[in-house]
Amino acid sequence: MKIAIPKEQRPDESRVAASPETVKKLINLGFEVAVEKGAGLGAAIPDAAYEAAGAAIAADATVAFGSADVVAKVRRPLPEETKGLKAGTLVISIADPFRAGDELKPLQDAGVTAFAMDLIPRITRAQSMDVLSSQSNLAGYKAVLDAAAAYGSAFPQMMTAAGTVPPAKALVMGAGVAGLQAIATAKRLGAIVSATDVRPAAKEQVESLGGKFVAVEDEEFKQAETAGGYAKEMSPEYQKKQAALIAETIAKMDIVITTALIPGRPAPKLISKEMVESMKPGSVIVDLAVETGGNCELSQPGKVVDVNGVKIVGYVNVPSRLAADASALYARNIYNFIELLVDKEEKKLAVNWEDQIVADTCIIRDGKLVHPALAPQEEAPQEDVPGEEAPAEPAAEEEKSDDSSDGQGG
């Protein structure tokens, strides 16, 4: 068995799909591992570290792709990257299939079988493979640091001989894994933290982290969750009541961090132009959903926008801005998934198509589009397709382990 780890080609991507740790594990599974030259540099992993772990360094992706049985990437291959793939290759990546557009067609034409790690089902057995959790956990943390960097005042209360510095007031919108980590990080920095989410289960999770829960808690709110633990789209009436409460709350905030996503659809608009204008000059909004349309009406991908003194931070691919840790976690997610595809005794690929995890993540099989949510007759994926608005498991403490953590995919 041969596996290739290419260098990511998208300009905003610094992560890599394997670490020296997982290279050793892949070799123990029976793989010959080829890593493209320079693939890990963005994540501070030199070629020598991969070689020491037992990998061969390929001069370029074409060399590695040509003989690979498995190709593991961070992001979906660009059309030009598919030229070196052989038919039947298993391609594993964060495929973002609902926004892929024409980029799935070259994979079909190449005759490969493609798995989308961002479609890993939210079941207990798959938690160690859940890339949305591992990456969003880091995104939530980084969002608070980005807010602190843009904010012109201190987060914690400070008592000095010259007077008292009041604590920052922060609101986190969306209490999935990214949101919960943002709450925990803002609390550790000393802010007074509030949070909102349409899922009733989020209230207990927010409060367990020391945050104040903000929501219109009527009968519709109590039913606002699918069987799979994901947020339902709320009625216009509820949205109007919730918007009024949020508008009142946002006007009092120094920091607002938004993380709300609806799988396969544009991000819901939570902060209007009028809400931004109601905030004090010097306030900061960090929009983690900016790549899917943004939760804030005025946010722009890749930019920090200033609106009457209010800074709106719209950095894209936030996990990649913590590339070393993001790569380490993603590499473990990838390895744990690949383990499912291998017969450990005979050390050969043995894909079990009856396995729920395998079936749910496969988007292309032998060149044919097979995922039901991507079929032409489907207008949109079902609500239980994994997204970032529900945590993989309840967070009872501020600190979470590396392997139980949700993101941004990309």
Which number in (1) modelled with pLDDT of 85 or more; (2) farther than 18 Å from residue 90 by Cβ; (3) not hydrophobic (A, V, I, L, M, F, W, C) marks the one condition that residue 399 misses?
-> (1)
Residue check for residue 131: under 20 Å from residue 292 (Cβ atoms) and surrounded by 24 or more Cβ atoms within 10 Å (Cβ to Cβ) | yes
Starting from region 62-81, keep only residues that are of a type in the set (Ser, Thr, Tyr), then list their pairs with residues that are surrounded by fewer than 24 Cβ atoms within 10 Å (Cβ to Cβ) whose Cβ atoms are within a distance under 7 Å, requiring at least 6 positions of separation or different chains.
-> 62/84; 67/2
Which members of region 165-190 meet the condition of being open to solvent by less than 30 Å² (accessible area, probe 1.4 Å), assigned to a helix (DSSP H, G or I) and in contact with a strand residue (DSSP E or B) (Cβ under 6 Å, 6 or more places away or on another chain)?
-> 179, 182, 183, 186
So is residue 284 among the aliphatic types (A, V, I, L, M) and either farther than 22 Å from residue 141 by Cα or at pLDDT below 90 (or both) or not?
-> no
Could you tell me whether any residue of region 351-362 is farther than 18 Å from residue 132 by Cα, within 20 Å of the chain's Cα centre (by Cα) and of a type outside the set (S, T, N, Q)?
-> no
Right, residue 265: within 22 Å of the chain's Cα centre (by Cα), under 24 Å from residue 134 (Cα atoms) and open to solvent by 60 Å² or more (accessible area, probe 1.4 Å) or not?
-> yes
Contacts under 6 angstrom Cβ, first residue in region 255-280 being of a type in the set (Ser, Thr, Tyr), partner surrounded by fewer than 23 Cβ atoms within 10 Å (Cβ to Cβ), 6 or more apart = 272/297; 278/251
What number goes with the only condition from (1) touching a helix residue (DSSP H, G or I) at 6+ places or on another chain (Cβ under 7 Å); (2) over 20 Å from residue 174 (Cβ atoms); (3) of a type outside the set (A, V, I, L, M, F, W, C) that residue 297 does not pass?
-> (2)
Kindly indicate the residue of region 35-73 that is part of a helix (DSSP H, G or I) and buried (at least 20 other Cβ atoms within 10 Å of the Cβ) and also modelled with the lowest pLDDT among those meeting that condition.
-> 64
Tell me which residues, restricted to region 15-30, are farther than 16 Å from residue 90 by Cα and crowded, with 22+ Cβ neighbours inside 10 Å.
-> 15, 16, 19, 22, 23
All-but-one check, residue 277 against (1) under 20 Å from residue 138 (Cα atoms); (2) in contact with a strand residue (DSSP E or B) (Cβ under 9 Å, 6 or more places away or on another chain); (3) part of a helix (DSSP H, G or I), failing number (1)
Restricting attention to region 194-206, does a residue exist that is in a strand (DSSP E or B), at negative phi and either in contact with a Cys (Cβ under 8 Å, 6 or more places away or on another chain) or surrounded by fewer than 23 Cβ atoms within 10 Å (Cβ to Cβ) (or both)?
-> yes
Residues of region 141-164 classified as assigned to a strand (DSSP E or B) and open to solvent by less than 50 Å² (accessible area, probe 1.4 Å), total | 1
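The values are calculated or read from the model by the stated rules, or taken from the named source; none is laboratory data. In this text, all values refer to a predicted model and were calculated from it rather than measured experimentally. Methodologically, a virtual Cβ is constructed for each residue, glycine included, from the backbone with ideal geometry; neighbour enumeration extends over all protein chains shown. When the accessible area is computed, the model is the full protein with side chains, heavy atoms only, and any ligands, DNA or RNA have been set aside. Shrake-Rupley method; radii C 1.70, N 1.55, O 1.52, S 1.80 Å.
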